[in-house]
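The values are calculated or read from the model by the stated rules, or taken from the named source; none is laboratory data. From a predicted model like this one, the values you see are computed outputs, not experimental measurements. FYI the Cβ positions are ideal-geometry reconstructions off the backbone, even for glycines, and counts take in every protein chain you see.
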Amino acid sequence: MDIYSRRSRWKLLLALAALALLIITLVYSNYLAQKLAEGERNKAELFVNTIIEVENKANNDEDVSYEADILEKFGSNDLPIIFERDNGELEGWNMDGANDQAIVDQERLADEIQKIKDSGGEPIDTYGKMIWYRSSQLYKMLKLFPYFMTLMVILFILIGYFLLNSARSAEQNRVWAGMAKETAHQLGTPISAIIGWIEILKDSGEATPDQLEIISELRNDVNRLELVADRFSKIGSAPALDRIDINDSLTKSMEYMAKRAPKKVIFSLHPSSSQEHAMINSHLFNWVIENLYRNALDSMDGKGAITTKVYEDSQMVAIDIEDSGSGIPSSKFKTVFQPGFSTKKRGWGLGLSLAKRIIENYHKGKIFVKSSKIDQGTTFAIRLPKA
């Protein structure tokens with residue numbers, strides 16, 4: 001199992017753990033809400049029965065101190081109650097903070113009962129008396145608590161994921177930039193030495209025409225090394241962008257790679273019918289194109305076709321590079337751009353990662369796998385803003 005499969009597995013396990021936590025919170029909160037609802041129902045019934053008991057004892061001049069104490073304690077609750085007297089009149093208690101006196105406004109109480117019915121409330125039938133009550137604020141808050149917790153957990157996960165990704169991306173950028181600049185620095189010394197030796201050979205006056213041709217090719221390769229060192233030195237710093245004709249730039253990259261590719265690999269370029277200009281850094285952009293060509297060549301067995309198409313797509317310069325190689329599984333379309341991922345046994349997995357950074361960070365464009373089928377080839381797509 002590779003690092004990205006393990007990472008996906010851990011993400012799935014964390015997601016399942018978060019889901020389990022939310023389900024437990026929801027179930028337990030609903031259990032508490034149900035118990036609170038039962039308690040409020042019992043309180044409403046006890047309150048009405050106590051009022052009736054107080055009235056009966058008062059008529060018989062009996063001691064009502066115990067019942068009065070119950071009513072006094074109940075008065076501190078925010079549980080509005082409406083009940084129907086024997087004569088059909090409605091009486092309300094604990095309404096709008098009026099805990100110590102009854103409300104007898106029949107029209108208002110009838111409206112309150114209708115609101116309770118509309119909200120799904122059901123009356124209590126005790127000794128033939130219908131008792132209506134509204135749930136307390138605590139009950140309402142407890143019912144909303146699991147949804148609030150769900151929102152907070154999701155928000156926490158999203159913020160944490162964003163911060164961790166940002167920190168990891170910033171750290172990776174510093175690592176890549178440091179490695180690239182150090183590589184450019186290390187290349188500088190041997191390149192300078194090789195240039196010196198080439199000049200000595202050229203000025204020796206003893207070289208044959210064939211040797212002079214070899215010296216010329218060596219100089220071309222040294223120029224290439226200087227270009228590579230320059231590319232690495234630009235990683236991590238804002239490169240200068242110039243208005244370049246994409247068709248011309250792609251032609252140069254294709255011709256360079258075609259000379260170094262197997263003879264049975266056919267390169268073809270289908271340029272746009274008109275000039276398509278974009279603001280690019282030629283050194284870095286050509287690096288991306290050559291990297292895609294090199295990956296295409298690696299996916300073939302020394303024969304096949306690499307086709308490059310240029311066209312306009314929604315005010316963007318569109319570049320499609322299609323090969324007839326081994327293809328990429330659809331599950332790996334995004335993974336191929338992650339640092340360290342490689343399908344090659346000796347690959348470092350840095351080429352496409354750097355290509356993505358160059359296109360998206362420096363050129364404000366997009367690079368992605370447009371399509372791919374196993375043993376039928378892959379198409380990489382690049383989108384750049386038009387100049």
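Things worth noting here:
- Residues that are in a strand (DSSP E or B) and farther than 15 Å from Glu40 by Cα within region 127-143 comprise Lys129, Met130, listed in sequence order.
- When we screen Asp248, Asp242 for residues that are over 19 Å from Ala381 (Cβ atoms), of a type outside the set (Lys, Arg), in contact (Cβ under 8 Å) with a residue 40 or more places away in the chain and surrounded by fewer than 17 Cβ atoms within 10 Å (Cβ to Cβ), the only hit is Asp242.
- Any hit, region 296-304, residues being under 30 Å from the mean Cα position of the chain (by Cα), crowded, with 16+ Cβ neighbours inside 10 Å, assigned by TED's automatic domain parsing to the domain that holds Ser372 and of a type outside the set (Phe, Trp, Tyr): yes
- Applying the criterion of being hydroxyl-bearing (Ser, Thr, Tyr) and surrounded by 11 or more Cβ atoms within 10 Å (Cβ to Cβ) to the residues of region 262-280, the residue that is modelled with the lowest pLDDT is Ser272.
- For Pro146, the conditions (1) assigned to a helix (DSSP H, G or I); (2) exposed (fewer than 15 other Cβ atoms within 10 Å of the Cβ); (3) touching a Phe, Trp or Tyr at 6+ places or on another chain (Cβ under 9 Å) all hold with the exception of (2).
- Residue match in region 73-88 (condition: at pLDDT 80 or above, under 30 Å from Gln106 (Cβ atoms) and in a loop (DSSP other than H, G, I, E, B)): yes
- Qualifying residue in region 287-301 (condition: of a type in the set (A, V, I, L, M) and over 30 Å from Glu226 (Cα atoms)): no
- Restricting attention to region 19-50, the residues that are of a type outside the set (Phe, Trp, Tyr) and free of Cβ contacts under 8 Å to residues at least 40 places away in the same chain total 13.
- Residue within region 35-58 that is outside any helix (DSSP H, G or I), of a type outside the set (Gly, Ala, Ser), at pLDDT 75 or above and touching a helix residue (DSSP H, G or I) at 6+ places or on another chain (Cβ under 9 Å) present: no
- One residue stands out in region 310-339 among those that are of a type in the set (Ser, Thr, Tyr) and more than 26 Å from the chain's Cα centre (by Cα): the one that is modelled with the lowest pLDDT, namely Ser326.
- For region 103-128, a residue qualifies if it is within 23 Å of Asn56 (Cα to Cα), surrounded by 13 or more Cβ atoms within 10 Å (Cβ to Cβ) and at pLDDT 75 or above, and the qualifying residues are Ile103, Ile124.
- Reported count of residues in region 364-386, each being within 23 Å of Ile244 (Cα to Cα), under 22 Å from the mean Cα position of the chain (by Cα) and of a type outside the set (Val, Ile, Thr), is 6.
- Total residues in region 305-334, condition surrounded by 17 or more Cβ atoms within 10 Å (Cβ to Cβ), of a type outside the set (D, E, K, R) and touching a residue at least 60 places away in the same chain (Cβ under 8 Å): 6
- Residues satisfying the stated conditions in region 345-366, i.e. farther than 20 Å from Met257 by Cα and either hydroxyl-bearing (Ser, Thr, Tyr) or at pLDDT below 85 (or both): Lys345, Arg346, Trp348, Gly349, Ser353, Tyr362
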